[in-house]
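The values are calculated or read from the model by the stated rules, or taken from the named source; none is laboratory data. As the structure is a prediction and not an experimental result, all values here were calculated from the model. In this analysis, Cβ positions are derived from the backbone assuming ideal geometry, glycine residues included, and neighbour counts consider all displayed protein chains.
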Amino acid sequence: MATKWLTPPEMAAWRSFIDTSGDLLRAIEKDLEPFGLDRGDYQLLAMLSEAPDNELRMCDLADSLRLTRSGLTRRMEGVLKKKLVSRVQSKEDGRVAYAQLTPKGMELLKEAAPEHLESVRKYMIDVLSPTEIKAIATAFTKIASNLG
């Protein structure tokens, strides 16, 4: 099969994604530093804050964060140590563990969220038109579906 090379517009799209995505994520993460959080910590806290009773089964949290179980264990080390999250055993099944957002974790998330939102707006949302935002959402939904 012959190689289907990228057209100039396709190459421009790919290169701009590669050249920009890392910088965008680093800029947003830098704005979380004053809160003692990195992007992964913030995402973990946000997911727990949106879950019923602010808790998720560890295996479900790992899946949502796209981490292996051992990857989640490493990710949890810092937030457990800072007492932002606690690990809770199921009362019904001792083999099941939950990650639960603590009141301290919720307070930190409430402090960090406005700054995080401001960063997302400043570096991405506010520089795009509504049509471009819709196109990005549509494109990445298709990409996620293709990867899934």
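A compact table of results
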read-out: Qualifying positions in segment 104-148 - surrounded by 12 or more Cβ atoms within 10 Å (Cβ to Cβ), among the basic types (Lys, Arg) and closer than 17 Å to Leu25 by Cα; value: Lys122
read-out: Test for Ser129: is it touching a helix residue (DSSP H, G or I) at 6+ places or on another chain (Cβ under 7 Å) and hydroxyl-bearing (Ser, Thr, Tyr); value: no
read-out: Any chance Leu109 is under 20 Å from Leu37 (Cα atoms), in contact with a helix residue (DSSP H, G or I) (Cβ under 9 Å, 6 or more places away or on another chain) and not β-branched (Val, Ile, Thr); value: yes
read-out: Any hit, segment 69-81, residues being touching a strand residue (DSSP E or B) at 6+ places or on another chain (Cβ under 7 Å), part of a helix (DSSP H, G or I) and more than 16 Å from Ser49 (Cβ to Cβ); value: yes
read-out: Tally of residues being of a type in the set (Ser, Thr, Tyr) and either within 17 Å of Asp63 (Cα to Cα) or at pLDDT 95 or above (or both) across segment 76-101; value: 2
read-out: Residue match in segment 89-102 (condition: assigned to a helix (DSSP H, G or I) and surrounded by fewer than 17 Cβ atoms within 10 Å (Cβ to Cβ)); value: no
read-out: Matching residues in segment 95-148 - criterion: being polar (S, T, N, Q) and within 16 Å of the chain's Cα centre (by Cα); value: Ser119, Thr141
read-out: Members of segment 77-88 found to be free of Cβ contacts under 8 Å to residues at least 12 places away in the same chain and either exposed (fewer than 15 other Cβ atoms within 10 Å of the Cβ) or of a type in the set (Phe, Trp, Tyr) (or both), listed by number; value: Glu77, Lys81
read-out: Cβ pairs under 9 Å, 6+ apart, first in segment 120-133 and closer than 15 Å to Thr20 by Cα, second of a type in the set (Asp, Glu) and surrounded by 12 or more Cβ atoms within 10 Å (Cβ to Cβ); value: Lys122/Asp31; Tyr123/Asp31
read-out: Whichever residue in segment 17-65 is assigned to a helix (DSSP H, G or I) and of a type in the set (Gly, Ala, Ser) and, among such residues, is nearest to Arg121 (Cα to Cα); value: Ala27
read-out: Residue match in segment 68-75 (condition: at pLDDT below 95, in contact with a Gly (Cβ under 6 Å, 6 or more places away or on another chain) and surrounded by 17 or more Cβ atoms within 10 Å (Cβ to Cβ)); value: yes
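Residues are listed down the side, and each one gets a yes or a no for (1) without any contact (Cβ under 8 Å) to a residue 12 or more places away in the chain; (2) surrounded by 12 or more Cβ atoms within 10 Å (Cβ to Cβ); (3) out of contact with any Gly (no Cβ under 9 Å at 6 or more places or on another chain):
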{"residue": "Thr7", "(1), (2), (3)": "yes, no, yes"}
{"residue": "Ile18", "(1), (2), (3)": "yes, no, yes"}
{"residue": "Gly22", "(1), (2), (3)": "yes, no, yes"}
{"residue": "Leu25", "(1), (2), (3)": "no, yes, yes"}
{"residue": "Glu33", "(1), (2), (3)": "yes, no, yes"}
{"residue": "Leu45", "(1), (2), (3)": "no, yes, no"}
